[in-house]
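Below is one structure, written out as structure tokens; comments come after it.
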Amino acid sequence: MSPKAFASAGDLEEKPTSFTEIGPGLYAFTAEGDPNSGVIIGDDGVMVVEAQATPRLARKVIECIRTVTDKPITHLVLTHYHAVRVLGASAYGAPTIIMSEPARAMVAERGQEDWDSEFDRFPRLFQGHEEIPGLTWPTTTFKGRMTVYLGQRRIDIMQLGRAHTAGDAVVYVPDANVMFTGDIVEDHSACYCGDGYFHDWPGTLDAIRAWELDAIAPGRGGALSGRDRVNGALDSTTDLVTSTYRSVARVALGGGTLAEAMAACRAVCDPKFGDYAIYEHCLPFNVARAYDEARDILHPRIWTAERDKALWAALQDG
């Protein structure tokens, strides 16, 4: 491999955004493969799901919210700890910020390292980073499940299993049978598996499927209405995760190198997923994590800018 930087480091073109209603008072803010946000309008306030990477990007979400309601933003739910999801939190002024207990623990353990690493990986998303006041910490954490009421509107926030990270949460609105899945599910966008759990991920997707949802807002890609589209995204996400792991594990368990594992993964995944958003960006990290997990490194190692550079060197060997 010849590139000197990861694929998204050279992606500097702003993506057009959409604000799509996926249920009564429910909206998905999407941006052609960039991180999505969700909006839930209740009787007396608004809940936002995912903060975006910076206050500058968060204000784009707020501008869309103000086209449909003037109710205050009272709650912000962060489905996991990644910097591109959480560091725009200050723009919302929400008095309640919710994360799962494992997600908060990951902010404490590796939040700064993740910020530093993602800043180099995704410079476009961090334009205006000077406004970020620091790491985003929740005011409220939960384990397993919690419920928030916006007036009479009930919102269930749940951990259905590990997948994209150890602390993944989903947000379910039962009156509309709609779920905001975070990066557990993607639509025509590659999954980032660098902090993931390959053995657990398919089962977590099955747990989501069991809800027989009418619509979802995935972590990246378009809003999905109708069970056929929902199940299509669940199928393609499962396929990407399992195809990546199986191709890499075969090489790792046979004593092959990381570069050989990358070649094996490309042979399987490029024909199926090569046109997905951020596929080239995610692939090195996905291969590295699958290689580790196959060799019984059960928990993802912390990514740093230095480890990113070492990964490039390892992939170019052989």
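The values are calculated or read from the model by the stated rules, or taken from the named source; none is laboratory data. Just so you know, these numbers come straight off a predicted model, no measurement behind them. Every residue, glycine as well, gets a Cβ built from its backbone with ideal geometry; the counts of neighbours run over all protein chains shown. For the accessible areas, the whole protein counts, side chains as well, though only heavy atoms, and no ligand, DNA or RNA atoms are used. Shrake-Rupley method; radii C 1.70, N 1.55, O 1.52, S 1.80 Å.
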Subject >> All positions within the stretch 111-128 that are in contact with a helix residue (DSSP H, G or I) (Cβ under 7 Å, 6 or more places away or on another chain) and open to solvent by 30 Å² or more (accessible area, probe 1.4 Å) >> reply: Trp115, Asp116, Phe119, Asp120, Pro123, Gln127
Original post:
Given (1) part of a helix (DSSP H, G or I); (2) of a type outside the set (Lys, Arg); (3) open to solvent by 10 Å² or more (accessible area, probe 1.4 Å), where does Gly255 come up short, assuming only one miss?
Top reply: (1)
Original post:
Inside the stretch 21-52, can you point out the residues that are out of contact with any strand residue (DSSP E or B) (no Cβ under 7 Å at 6 or more places or on another chain), buried (at least 21 other Cβ atoms within 10 Å of the Cβ) and either of a type in the set (Val, Ile, Thr) or at pLDDT 95 or above (or both)?
Top reply: Pro35
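Go through the residues of the stretch 102-109 one by one and say whether even a single one is touching a residue at least 24 places away in the same chain (Cβ under 8 Å) and closer than 22 Å to Ala190 by Cα.
Keep residues of the stretch 102-109 that are touching a residue at least 24 places away in the same chain (Cβ under 8 Å), which gives 102-107, 109.
Then drop every residue that is not closer than 22 Å to Ala190 by Cα, which leaves 103.
Yes.
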Original post:
Given the conditions (1) open to solvent by 30 Å² or more (accessible area, probe 1.4 Å); (2) in contact with a Cys (Cβ under 6 Å, 6 or more places away or on another chain), and given that Tyr245 satisfies all but one, which numbered condition is not satisfied?
Top reply: (2)
Original post:
Going through the stretch 90-114 one residue at a time, which ones are under 23 Å from His75 (Cβ atoms), within 19 Å of the chain's Cα centre (by Cα) and of a type outside the set (S, T, N, Q)?
Top reply: Ile97, Ile98, Met99, Glu101, Pro102, Ala103, Arg104, Ala105, Met106, Val107, Ala108, Gly111
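Listed residues Asp187, Asp195, Asp228; which is part of a helix (DSSP H, G or I) and either open to solvent by less than 10 Å² (accessible area, probe 1.4 Å) or farther than 21 Å from Ile297 by Cβ (or both)?
Being part of a helix (DSSP H, G or I) and either open to solvent by less than 10 Å² (accessible area, probe 1.4 Å) or farther than 21 Å from Ile297 by Cβ (or both) holds for just one of Asp187, Asp195, Asp228, which is Asp228.
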Original post:
Which one is most open to solvent (accessible area, probe 1.4 Å), of the residues in the stretch 293-318 that are of a type in the set (D, E, K, R) and free of Cβ contacts under 8 Å to residues at least 24 places away in the same chain?
Top reply: Lys309
**OP:** Name the single residue, out of those in the stretch 137-158 being open to solvent by 90 Å² or more (accessible area, probe 1.4 Å) and touching a residue at least 60 places away in the same chain (Cβ under 8 Å), that is farthest from Pro24 (Cα to Cα).
**Re:** Tyr149
**OP:** Evaluate the following for Gly219: is it more than 22 Å from the chain's Cα centre (by Cα) and of a type outside the set (Ser, Thr, Tyr)?
**Re:** no
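Find the residue count for the stretch 260-287, including only residues that are open to solvent by less than 20 Å² (accessible area, probe 1.4 Å) and either outside any helix (DSSP H, G or I) or out of contact with any Gly (no Cβ under 7 Å at 6 or more places or on another chain) (or both). Explain how you work it out, then say what you get.
Taking the stretch 260-287 as the starting set, the residues that turn out to be open to solvent by less than 20 Å² (accessible area, probe 1.4 Å) are 261-262, 265, 269, 273, 279, 281-287.
This time we only want the ones that are either outside any helix (DSSP H, G or I) or out of contact with any Gly (no Cβ under 7 Å at 6 or more places or on another chain) (or both), so: 261-262, 265, 269, 273, 279, 281-284, 287.
The total comes to 11.
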**OP:** Would you mind finding the one in Tyr192, Tyr149, Tyr172, Tyr197 that is in contact with an Asp or Glu (Cβ under 6 Å, 6 or more places away or on another chain) and either modelled with pLDDT under 95 or aromatic (Phe, Trp, Tyr) (or both)?
**Re:** Tyr172
Original post:
Which of (1) modelled with pLDDT of 95 or more; (2) surrounded by fewer than 21 Cβ atoms within 10 Å (Cβ to Cβ); (3) outside any loop (DSSP other than H, G, I, E, B) does Ala91 not meet, given it meets every other one?
Top reply: (2)
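For the structure I just gave you, tell me whether Asp168 is assigned to a loop (DSSP other than H, G, I, E, B), on the phi < 0 side of the Ramachandran plot, exposed (fewer than 15 other Cβ atoms within 10 Å of the Cβ) and of a type outside the set (S, T, N, Q). Give the derivation first.
Values: assigned to a loop (DSSP other than H, G, I, E, B): yes; on the phi < 0 side of the Ramachandran plot: yes; exposed (fewer than 15 other Cβ atoms within 10 Å of the Cβ): no; of a type outside the set (S, T, N, Q): yes.
When the stated conditions are applied, Asp168 does not pass them.
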Subject >> Selection from the stretch 204-221 of residues that are open to solvent by 10 Å² or more (accessible area, probe 1.4 Å) and either in a helix (DSSP H, G or I) or not small (Gly, Ala, Ser) (or both) >> reply: Asp206, Ala207, Arg209, Trp211, Glu212, Asp214, Arg220
